[in-house]
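Trainee: Would you mind keeping the following structure in view while I ask a few things?
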Amino acid sequence: MAEQEEMMPTQDAERQGQVADGDCAETQDQALALRRPGNQDQTTDMMPVAAVNQLQQSVHQISGSGHVPIFNPKDCTINIYQSKDDAHASHHSGHPSVDISENSPSTSQQPPTRHVASGAQDCSTPKQTKFDNLAQEAADCCEDALKSYYRGKGSFVKVLPWEGDDRKHITEIYTKLQLILGKDRVMLASYDDILQRKTKEGDLILIAVLTGLAGRGKTTLFDKISYDWAVGSSQVLRKYKLVFLLKMHALEQSSDLVDSVFDQLLAKDTSIGRGALDMFIKKSPGKVLVLLDGFDELMTTSLCESSFGSILEILNGKMLRGCTVLVSTRPSHFDRLVSEELVQDPFTHVEVMGFSREDVTEYVNKFFTGEPGKAKGLLETIGSSGLLSTLAASPMLVLLMCVLWRKDGSSLQETMSSLYGDGVSYIFKRRRLDSQDEISKVMIEIGKVALHGLLSPDQSLSFKESDFEPSVLDLALKAGILTRQRVRKGLQSHNCVQFMHKTFQEFSAAAYLQSLLEADSEEFQKILNEIMSTGAGRFEYLLRFCCGASEACTNKILKVFQVRCQEELSFNSMVGQLALHCFFEGQSKRLPPEGFIHSFITDEIYIHRLDRDCLNSVRYFLKCVADQTKDSANAYLARVKKLAVSSCNLTGFVKELAHNKCAITNLNAVDVTSCFLTGSNMADIAESLKDLHVPSLGELNLSQNDLGQTAASWCMHLKRLKSLTKLDLCGCSLNGQDIKRVAESLGDLPNLGELKLSGNNLGGTAALWCMHLKHLKSLTKLSLRSCSLNGQDIKHVAESLRDLPNLVAMNVSVNNLGGTVALWCMHLKQFKSLAKLGLDGCSLNGLDIKHVAESLRDLLNFSELYLSGNKLVGTSALWCMEAKQLKSLTKLHLGECSLNGQDIKHVAESLRDLPNLAELSLHRNNLGGTAALWRMEVKQLLHLQTLCLTGCQLTNEDMKHINESLSDLRKNGLKIDMLPVWY
């Protein structure tokens, strides 16, 4: 293929054009702003008009009417424009306006002071209006130019980065990405949601940080946003007059927004004035959207706030407040971007997760348009491999899979480094460069330059032709792994050489680093130490590629992780995850150093919110440890007592993780909360747990997994867990039949003490399963909170549980039981061991509370009653006399019950004779102005240790009464919470 030379769309720095206009009368005080060459601080010298007039005498007269003779000082550009107001007048009437500025590119940080030379007929037009018109005209022209570019050349993307002529329109290849809202972990419907996020006060959040691993589609997403704006297909984007998509690999910390727009986006011969465009942006920042692609590729790696140009000052809020900015970066640079110097709250954090399974199918079918057989074969291969399914979340890797599948359609490698390796071989061989030795030589040679660029203080991603050995450069350009473009910055232009994607630069650098281990191990170690000192996270892909297919490099790198990062290594730390990625890429037959393993394999293992890429490396690590130590009684895994995995998508990983659990022979607790488990997954887990050769598994937490209508496939395994003491199935979408099967399976477990079933919709089904609960003789705690139960359900439950000798606590809160207590309360009298009862948010009325209190008064062990969230206003006189009989009561919660001052008076009077009452919560009852009514009664609660009055709208006078009345109780340890709001 001929060398690819592509002219980047840029703006001519010679056209400086802020058009100016003047006042009616010219005086000696009027001046033209003249910026001196090289003056970066934008200070101005004022040139009096009289001086200009004097200088004009030295130039030839210009014949004709309507001309303004101007002396052209050295190193200045004078742009003369017909003002917009005069555009419809005769070509020979009116005077054009004048702008004088230095020839070097302007910055938008401090626009030059400007003045005007104009004719008398313009005297009626105010200067500000003239400036506004010129700024609007510049914005109109810029909008047209940008939309034309985004609709045209900018709308075509390279399907294959190494093929200069293999392009498709973005609408033909773009596949929707998974966008996850930072801490909330909410899936966004589209990028529109990012631009509509608001603060608690209702203000739009104008800064968004999009993080995503390399190749996850961040750049293509920004291309799609700019295209959608240009064609008007997004309603949300229509409010923006200007959308600037800037590549940060061409920027440094001092870069200016307007200069960068002219350099990267506008045509070289554009007539748009920089000053006029700058003025519009400053006057109307709310109409500007800036897309900054690749903060991790910014040329400046060591930031200094005093050197920031307008682009970084927009990010830190010192300029153009009101402007909307979306900036993308790899996760490794998130902390550098979100910092005191740059982005601060409020901002939106969005994770670009890449492709879902459905997205992969869509992309592959688009790639193989007209070849459904190949698409089907590739999708089947990806789907049959957990490793390939994980890698397919990356659009870049899906692209490589498609290319390699199109080549032979037989098989694919299953590590990222091997996929890139096969991809590089394909890139060279398609240009008839078949010698593997020659390919290796080229990769090592260009890799040396690549590594130097990655390690340089300004992180070079663009190079000069002279940086490469000529013959190597020719081969790399011919293959397409390097590209060459003619670029311009300011007035200078030159050939710029880049790798086709940053990951290929990192892969090439890794090839050189691998070769260095054999050629010069000391230099290898020196560079490795430099990488670790700078921060391993910044060089994630370099390190991962370096480990690829090289056991020697893998062992060296893992040793450095152990020595330098011992305290940081864990499954949940970024450093730990990177170390495990390196181990996976190396596919080593040897285990890592013992100290390295002990950093991860501890008594309690917690794995939280890992993506599929990280989970894959964790799975591989655990499998290797389990398999390679099985003959030594799994010395490492035998120490694990608890394994907790939460908020991770374990789909596709369960079988192997279950296999690894079998090697954890002393496991006491398993927690897999919110892990997207299904019924079939549960069968695998339960099957593996029953094979544990220890009597120690006591706790099993499966909450927040969708297991509805699947219990029949896994509940029979539960009966083998003879040591089980706690089972949590909250929020698992279980129905009545599921609970029936679970309860049947648990009947033979002699030690089951705690059963949590909250958050399952069991309304009207209790008759199906409650009779099985009576066999749970060891049960001490039962939670049925928020299960849509009705009064009849509670009656069945109470009848079944009343004879359980050890039941201490029952929580049936947030079930609609209003007016039904008379149906079931008499059974409570039989709960001889009951100590805690939760009835929060059950829509109970005063009579219901009376029945509850009557039923509980003879229970000698009853100590805690939770009644918050029931509307009991004006009813306390009905039930408070019964409450005084609860002699063992230690805690009473009556928050959010709409109680008034008189209610509190009745309650306090009734409770004063309770010798053990230590905690009384009255939070969020509107008691403002009533403290004088009940303060003396509360004073009689002599054993009270905690009084919660948070959110009760107390006045200063109320607080004064409370503090005075309860001062003696405070001396005895009473803590009073009177915060104005409930946290």
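Where a number appears in this text, it was derived from the coordinates with a stated rule and is not lab data. Note that the coordinates shown come from a computational prediction; the quantities given were computed from them, not determined experimentally. Cβ coordinates were reconstructed from backbone atoms using ideal geometry, including for glycine residues, and neighbour counts include every protein chain displayed.
Trainee: So how long is each side of the stretch 816-983 along the principal axes, counting just the alpha-carbon atoms, biggest first, in Å?
Mentor: Principal axes ranked by extent give 45, 29, 28 Å for the Cα atoms.
Trainee: In addition: What percent does the relative contact order of the stretch 816-983 come to when contacts are Cα pairs within less than 8 Å and at least six residues apart? Walk me through the intermediate numbers first.
Mentor: Numbers: 370 pairs, mean separation 27.8, N = 168.
In percent, rounded to a whole number, it is 17.
Trainee: For the stretch 691-760, take the convex hull of the Cα atoms, compute a quarter of its surface area, and give me that in nm², please.
Mentor: Numbers: hull surface 16.9 nm².
That works out to 4.2 nm², a quarter of the Cα hull's surface.
Trainee: What percent do you get for the relative contact order of the stretch 551-667 when only Cα pairs under 8 Å and 6+ apart count? Provide the component values of the computation, followed by the final result.
Mentor: Details: 145 pairs, mean separation 31.0, N = 117.
The value is 26 percent.
Trainee: To the nearest 0.05, what FRET efficiency results for R590 and R639 with a Förster distance of 25 Å applied to their C-beta separation?
Mentor: On the way: r = 21 Å, r/R0 = 0.84.
E(calc), rounded to 0.05, equals 0.75.
Trainee: Moving on. Go ahead and run the numbers for FRET between M716 and E799, Cβ-Cβ distance against an R0 of 22 Å, rounding to 0.05.
Mentor: Details: r = 27 Å, r/R0 = 1.23.
That pair, M716 with E799, gives E of 0.25.
Trainee: Rounded to the nearest whole Å³, what is the per residue volume of the convex hull around the Cα atoms of the stretch 726-795? Write down the numbers at each step before the final one.
Mentor: Values: hull volume 5.1 nm³, N = 70.
Spread over its residues, the Cα hull of the stretch 726-795 gives 73 Å³ apiece.
Trainee: Run the reach check for K130 against lysines, Cα to Cα strictly under 18 Å, same-chain hits fewer than 8 apart removed. What comes back?
Mentor: Partners within reach: K84, K282, K283.
Trainee: Let a ≥ b ≥ c be the square roots of the eigenvalues of the Cα gyration tensor of the stretch 814-875; is it rounded (a/c under 1.5), or, if not, prolate (a/b larger than b/c) or oblate? Don't jump to the answer; show the numbers that get you there.
Mentor: Values: a/c = 1.84, a/b = 1.59, b/c = 1.16.
It is prolate, given that a/c is not under 1.5 and a/b is the larger ratio.
Trainee: Along Cα→Cβ, 7 Å out, is where each label goes; now give me the distance between the ones at S573 and D203 in nm to one decimal.
Mentor: Inter-label distance under the simple model: 3.8 nm.
Trainee: Quote the charge dipole size of the stretch 436-544 about the Cα centre in Debye, to the nearest 20; the model charges only the Cβ of Lys and Arg (+1) and of Asp and Glu (-1). Kindly include the intermediate steps, with their values, before the conclusion.
Mentor: Working: 12 positive and 15 negative charges, 143 e Å.
The dipole magnitude comes to about 680 debye.
Trainee: How do 464-476, 552-564, 275-287 rank on mean C-beta neighbours within 10 Å, highest first? Don't skip to the answer; put the middle values down first.
Mentor: Working: 464-476: 15.9, 552-564: 19.5, 275-287: 21.8.
Averaged packing, sorted descending, gives the order 275-287, 552-564, 464-476.
Trainee: Gap in Å between the Cα centre of the stretch 418-492 and the Cα centre of the stretch 873-906?
Mentor: 79
Trainee: Which of the peptides 394-401, 918-925, 324-331, 822-829 is most tightly packed, and how do the rest follow, going by the mean number of other Cβ atoms within 10 Å of each residue? Kindly include the intermediate steps, with their values, before the conclusion.
Mentor: Details: 394-401: 24.4, 918-925: 20.9, 324-331: 22.8, 822-829: 17.9.
Peptide ranking by packing, descending: 394-401, 324-331, 918-925, 822-829.
Trainee: Grab the eigenvalues of the alpha-carbon gyration tensor for the stretch 436-544, scale each by 5, take roots, and send me the semi-axes largest first in whole angstrom. Could the numbers behind the result be given before it?
Mentor: On the way: eigenvalues 115, 64, 24 Å².
Equivalent ellipsoid of the stretch 436-544: 24, 18, 11 Å, largest first.
Trainee: What FRET efficiency would be calculated for the residue pair D748, Q792, taking the C-beta separation as r and a Förster radius of 30 Å, to the nearest 0.05?
Mentor: Working: r = 29 Å, r/R0 = 0.95.
FRET efficiency, D748 to Q792: 0.55.
Trainee: Using a/c under 1.5 as the rounded threshold, could you call the stretch 216-286 rounded, prolate or oblate? The axes a ≥ b ≥ c are square roots of the C-alpha gyration tensor eigenvalues, and prolate needs a/b larger than b/c, oblate otherwise. Don't skip to the end; give the middle numbers.
Mentor: Working: a/c = 1.76, a/b = 1.20, b/c = 1.46.
Oblate is the answer for the stretch 216-286, as a/c is 1.5 or above yet b/c matches or exceeds a/b.
Trainee: On a C-alpha basis, how far is the centre of the stretch 209-234 from the centre of the stretch 255-285 in Å? Whole number, if you could?
Mentor: 22
Trainee: Quick one: what Rg and Dmax do you get for the stretch 551-667 from the alpha carbons, in Å?
Mentor: 13.1, 35
Trainee: What is the distance, in nm, between label points placed 7 Å from the Cα along the Cα-to-Cβ direction at K623 and at D140?
Mentor: If labels sit at K623 and D140, their model points lie 6.4 nm apart.
Trainee: What does the highest-first list of 541-551, 298-308, 770-780 look like by mean Cβ count within 10 Å? It would help to have the intermediate numbers written out before the result.
Mentor: Details: 541-551: 24.4, 298-308: 15.2, 770-780: 18.3.
With the highest mean Cβ count within 10 Å placed first, the list reads 541-551, 770-780, 298-308.
Trainee: Now a separate question. Stokes-Einstein D for the stretch 142-354 at 37 °C, 0.692 mPa s, Kirkwood Rh over Cα pairs, in µm²/s? Before the final figure, lay out the partial values.
Mentor: Values: Rh = 17.6 Å.
The estimated diffusion coefficient comes to 186 µm²/s.
Trainee: Using just the Cα positions, wrap the stretch 711-864 in a convex hull and report its mean projected area in square nanometres, one decimal place. Mind dumping the intermediate values first?
Mentor: Working: hull surface 31.3 nm².
About 7.8 nm², averaged over all directions.
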